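Trainee: Dumping the structure here so I can ask a few things about it.
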Amino acid sequence: MKMRKIALYVETVHSEGGKALGAQVRRGFAAAVIANPCLADGNLALAVDCGTELGARLTAQLLAALSWQEGTALAYGKAAIVGASGSTEHAAAVLHPRMGTPMRALIGQGKAIIPSTVKRGEPGARIDMPLHKADDEWDFAALDSIEAHVPDAPLPGELVVLVAMAFGGRPGAVIGQT
């Protein structure tokens with residue numbers, strides 16, 4: 001895998017709608033910019049292998065950046081943006097078959113499917129990544145999203161592969177509170 005860079009973004013939300021939050025909400029994403037491994041011969045197996053490695057690497061870096069405490073319930077998501085020379089199936093091959101296994105191993109959670117999205121884009125393309133609780137996709141108070149982008153990626157022959165995580169629920173959630 002040829003990697004150009006990894007970008008991290010983390011935020012701590014203190015208020016929503018002008019009201020202070022009672023609990024800390026932290027969320028963020030880790031993004032890897034890699035050369036599209038499928039361009040030479042269309043071999044999707046190369047992309048699948050990238051997914052395994054990136055699932056572990058991005059998750060570990062993001063958990064550290066979030067200052068996540070083991071055992072704290074997480075929401076998670078993943079996404080990819082493929083450059084103009086590639087196919088969205090190249091991005092799907094990175095995300096779907098194997099990327100989730102190392103993510104779940106690192107967080108010790110993950111009964112629920114990892115929500116994801118894929119699109120084609122030019123440098124600076126933005127993508128909204130859905131988030132839901134790792135062990136309960138029906139926890140409406142944890143349903144959220146985070147917008148992500150890397151300003152200079154993807155170039156035509158690249159993929160931006162992203163992992164997003166959050167803890168503390170959706171800021172200011174009322175729907176889903178019991």
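Trainee: Within region 28-61, how many residues turn out to be basic (Lys, Arg) and within 13 Å of Leu95 (Cα to Cα)?
Mentor: Narrowing region 28-61 to residues basic (Lys, Arg): 57.
With the extra rule that they be within 13 Å of Leu95 (Cα to Cα), the set shrinks to none.
Total satisfying the criteria: 0.
Trainee: Give Leu21, Leu62, Leu46, Leu74 a once-over and let me know the one that is under 16 Å from Ile107 (Cβ atoms), among the hydrophobic types (A, V, I, L, M, F, W, C) and at pLDDT below 95. Before you say what the answer is, go through the steps one by one.
Mentor: Working: Leu21 fails: under 16 Å from Ile107 (Cβ atoms); Leu62 fails: at pLDDT below 95; Leu46 fails: under 16 Å from Ile107 (Cβ atoms).
After ruling out the rest, the residue left standing is Leu74.
Trainee: Are any residues in region 126-170 touching a Ser or Thr at 6+ places or on another chain (Cβ under 8 Å), over 16 Å from Gly100 (Cα atoms) and in contact (Cβ under 8 Å) with a residue 60 or more places away in the chain, and if so, which ones? Working first, answer last.
Mentor: At the first step, the residues of region 126-170 found to be touching a Ser or Thr at 6+ places or on another chain (Cβ under 8 Å) are 127-131, 156-157, 163, 165, 167.
Among the residues that remain, those that are also over 16 Å from Gly100 (Cα atoms) are: 127-128, 156-157, 167.
Result: Pro156, Gly157, Phe167.
Trainee: Can I ask one more? Could you tell me whether region 136-143 includes any residue that is part of a strand (DSSP E or B), surrounded by fewer than 17 Cβ atoms within 10 Å (Cβ to Cβ) and at pLDDT 95 or above? It would help to see each step written out before you state the result.
Mentor: First pass over region 136-143, keeping only residues part of a strand (DSSP E or B): 136.
Filter again for surrounded by fewer than 17 Cβ atoms within 10 Å (Cβ to Cβ), leaving 136.
Checking the rest, the ones that are also at pLDDT 95 or above come to none.
For region 136-143, residues part of a strand (DSSP E or B), surrounded by fewer than 17 Cβ atoms within 10 Å (Cβ to Cβ) and at pLDDT 95 or above: absent.
The values are calculated or read from the model by the stated rules, or taken from the named source; none is laboratory data. Values in this document were obtained by computation on a predicted structure and should not be read as measured data. Neighbour counts run over all protein chains shown; Cβ positions are idealised from the backbone, glycine included.
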